[in-house]
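Here is the structure we will look at.
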Amino acid sequence: RKEVEQDPGPFNVPEGATVAFNCTYSNSASQSFFWYRQDCRKEPKLLMSVYSSGNEDGRFTAQLNRASQYISLLIRDSKLSDSATYLCAVVPYNNNDMRFGAGTRLTVKP
Amino acid sequence: DAGVIQSPRHEVTEMGQEVTLRCKPISGHNSLFWYRQTMMRGLELLIYFNNNVPIDDSGMPEDRFSAKMPNASFSTLKIQPSEPRDSAVYFCASSTRTGNYGYTFGSGTRLTVV
């Protein structure tokens, strides 16, 4: 089993739609969680951290479910500019190396 | 802040040649990571350093790969000899020691071995 697993998609949604991505991780002792965004032929960029209590940043909401070992990202009112690949990332406990999922590709269409 | 700086941006080389990729982390970041990204395998951690010391190199594919960090502001990833299957985008990233604030990635080096 991979350390971090994501549905690769692609997700093709119309503008204004709400879309959700899930990501599961295998190490129950993992301590830090993140969502990254990667545009085509660019580097991954931090989108948001994921806190135990859940957190929101504008149209983006991230949640963590430790019992089921998954994190989620919800995008509301999607924009054309949200089209990208979304990578989840997990830092194991007492460690500093981040493990990434394979990424979920999102295309928002007019 | 200039961010994480990688060079070269693109590298095309012939099989068997030595390739050296370079990275300058963000000043004050004491952890540095080398990743490789391919369509088939996604983003793979190759090696990481804390305070210039290699901590985990278990992701380095084979002995042809080596990495050094002679000081806090510079790291290299070397492939010798290079093979076509090494073709990928190589990213360097840096962070604070705890990594709680995520990593900052460089723009990457797109390596093509022909």
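The values are calculated or read from the model by the stated rules, or taken from the named source; none is laboratory data. Everything quoted here is computed from the prediction, not taken from an experiment. Here Cβ is always computed from backbone atoms with ideal geometry, including for glycine, and neighbour counts include all displayed protein chains.
Values as computed for the structure displayed
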{"quantity": "In region A:11-35, the residues that are loosely packed, with under 12 Cβ neighbours inside 10 Å and modelled with pLDDT under 95", "calculated": "A:S28, A:A29"}
{"quantity": "Matching residues, region B:82-114, being within 14 Å of another protein chain (Cβ to nearest Cβ), exposed (fewer than 15 other Cβ atoms within 10 Å of the Cβ) and not charged (D, E, K, R)", "calculated": "B:T98, B:N100, B:Y101, B:T112"}
{"quantity": "Some residue of region A:26-37 being farther than 18 Å from A:M98 by Cβ and among the charged types (D, E, K, R)", "calculated": "no"}
{"quantity": "Scan of region B:1-23 for residues that are over 26 Å from A:T85 (Cα atoms), surrounded by fewer than 16 Cβ atoms within 10 Å (Cβ to Cβ) and either within 12 Å of chain A (Cβ to nearest Cβ) or among the polar types (S, T, N, Q) (or both), ordered by number", "calculated": "B:Q17, B:T20"}
{"quantity": "Sole residue being under 22 Å from B:T104 (Cβ atoms) and of a type in the set (K, R), chosen from A:R99, A:R59, A:R66", "calculated": "A:R99"}
{"quantity": "Selection count, region B:24-81, where residues are within 11 Å of chain A (Cβ to nearest Cβ) and basic (K, R)", "calculated": "1"}
{"quantity": "Residue among B:E44, B:E62 that alone is without any contact (Cβ under 8 Å) to a residue 24 or more places away in the chain, of a type outside the set (S, T, N, Q) and under 23 Å from A:L46 (Cβ atoms)", "calculated": "B:E44"}
{"quantity": "All positions within region A:58-89 that are among the polar types (S, T, N, Q), farther than 24 Å from B:E44 by Cα and assigned to a strand (DSSP E or B)", "calculated": "A:T61, A:Q63, A:N65"}
{"quantity": "Sole exception among (1) in contact with a Pro (Cβ under 9 Å, 6 or more places away or on another chain); (2) away from chain B (no Cβ under 13 Å) for A:F100, by number", "calculated": "(2)"}
{"quantity": "Breaking point among (1) in a strand (DSSP E or B); (2) at pLDDT 95 or above; (3) more than 25 Å from A:C88 (Cβ to Cβ), for B:P54", "calculated": "(2)"}
{"quantity": "Region A:87-110 residues that are more than 17 Å from A:V50 (Cβ to Cβ), paired with ones that are among the hydrophobic types (A, V, I, L, M, F, W, C) and at pLDDT 95 or above (beta carbon under 6 Å, 6 or more apart)", "calculated": "A:V108/A:V13; A:V108/A:L80"}
{"quantity": "Any chance A:S83 is away from every other protein chain (no Cβ under 11 Å) and in contact with an Asp or Glu (Cβ under 7 Å, 6 or more places away or on another chain)", "calculated": "no"}
